[in-house]
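Visitor: Structure incoming, see below.
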Amino acid sequence: MTEAKIKVALIHAVDIAIAPIKSAFQNDWPEAEVVHLWDETLSIERAKEASLTPFLFERVASLYELAKNSGVDAVMFTCSAFGEAIEVIAKDADIPVLKPNQAMFDEALTMGKPVTLLGSFEPAMAGMAQEFFDAALVANNQAHDQANNPAGYPTELHQVCVPEARSALQQNDIEGHNQLMLQAAQSQVQVDVIMLAHFSSSVAKSLLETETRKTVLSSPECAVRYLKRTLTS
């Protein structure tokens, strides 16, 4: 009898996030069964609003229910602009529900260094910064409780947004996107660690690492590593 594969649902708001997470699973966890749900309404409506609307909260919740009812072991959202709505779901979920950057933030915090959040979609940036500080608070509380890190984790966060890079990627100009991201990364002389804010940005990771010699974290790779540890341990 063949052992059942672990099944993960990925919920996308933009198609440019799909290829990076597919690649991350193929490289780091090819044994997992992955299903994709893509709802372009999410990104269209989010771009119109400064904050999440009741409609978007409901839309995110309905997509989660659709994924869960397909019998998955975990759900991961790949768009960074819906953190509040995902948190509402995760609080009462009986399976792991992962925000896009949750695992990346945790990895960055353990490095104990100032970091830069490098993105290309302005509506997502403020919420992501708050998520990073929230993750730092949780990590610090846990460290103090366990007496592992009484000094706490540094929470110095710099932010850079390059909307032109997103436009380039939407036009399938990957090289143009990567060069714009590289220029922004090279301006961050005060940090040694860069977090790529969006799943779609991960196509620039290798170039940034080579040219800046900084540590570059991407959400897809960090998320897949986290899910594999969580679901197979």
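Nothing in this text is a laboratory measurement; each read-out follows from the coordinates by a stated rule. Predicted, not measured: the structure shown is a model, and the values here were computed from it. Virtual Cβ from ideal backbone geometry, glycine too; neighbours counted across all protein chains shown.
Visitor: Ratio of region 15-152's C-alpha Rg to 2.2 N^0.38 Å, to two decimals?
Guide: 1.13
Visitor: For region 93-110, just list the computed ³J(HN,Hα) in residue order, Karplus coefficients 6.51, -1.76 and 1.60, θ = phi - 60°, integers in Hz, with x standing in for Gly and Pro.
Guide: Those phi angles translate into 6, 9, 10, x, 10, 10, 6, x, 10, 4, 5, 5, 4, 4, 5, 4, 5, 5 Hz.
Visitor: Could you list, bin by bin from short to long, the percent of Cα-Cα pairs of region 103-218 in 10 Å steps?
Guide: Final binned percentages: 14, 45, 28, 10, 2.
Visitor: Please report TYR64, TYR226 as a ranked list, fewest other C-beta atoms within 10 angstrom at the top and most at the bottom.
Guide: Details: TYR64 23, TYR226 19.
The fewest-first ordering by Cβ neighbours comes to TYR226, TYR64.
Visitor: Write down, largest first, the equivalent ellipsoid semi-axes of the chain in whole Å, where each equals the square root of 5 times an eigenvalue of the alpha-carbon gyration tensor.
Guide: Over the Cα atoms of the chain, the ellipsoid semi-axes are 26, 22, 19 Å.
Visitor: Let me ask you something else. Once phi is turned into ³J(HN,Hα) by the Karplus curve 6.51 cos²θ - 1.76 cosθ + 1.60 with θ = phi - 60°, what whole-Hz value does each residue of region 28-36 show in order, with x for glycine and proline?
Guide: 10, 7, x, 6, 6, 8, 10, 10, 10
Visitor: Among PHE82, PHE133, PHE25, which comes first, second and so on when ranked by fewest other beta-carbon atoms within 10 Å?
Guide: Taking fewest neighbouring Cβ atoms as first place, the list is PHE133, PHE25, PHE82.
Visitor: Taking the dipole about the Cα centre of the chain, with the C-beta of Lys and Arg at +1 and of Asp and Glu at -1, give me whichever of TRP38, VAL75, ALA19 is farthest to the positive side.
Guide: ALA19
Visitor: As a check on your grasp of the helix formula, calculate [θ] at 222 nm for the chain: sum -39500 (n - 2.57) over DSSP H runs of n ≥ 4, divide by the residue count, round to the nearest 500.
Guide: Calculated mean residue ellipticity at 222 nm is -16000 deg cm²/dmol.
Visitor: Using the Cα atoms of region 41-98, I'd like the radius of gyration and the largest Cα-Cα distance, Dmax, both in angstrom.
Guide: Considering region 41-98 through its Cα atoms, Rg and Dmax are 11.3, 34 Å.
Visitor: Connecting C-alpha atoms closer than 10 Å in a GNM of the chain, tell me which of VAL216, VAL88, VAL115 has the biggest fluctuation.
Guide: For the chain, modelled as a Gaussian network with Cα springs under 10 Å, the answer is VAL88.
Visitor: Let a ≥ b ≥ c be the square roots of the eigenvalues of the Cα gyration tensor of region 165-233; is it rounded (a/c under 1.5), or, if not, prolate (a/b larger than b/c) or oblate?
Guide: It is oblate, given that a/c is not under 1.5 and a/b is not larger than b/c.
Visitor: Evaluate the charge dipole of the chain about its Cα centre and quote only its size in Debye, nearest 20, assuming +1 on the Cβ of each Lys and Arg and -1 on the Cβ of each Asp and Glu. Walk me through the intermediate numbers first.
Guide: Working: 17 positive and 30 negative charges, 61 e Å.
For this selection, approximately 300 debye.
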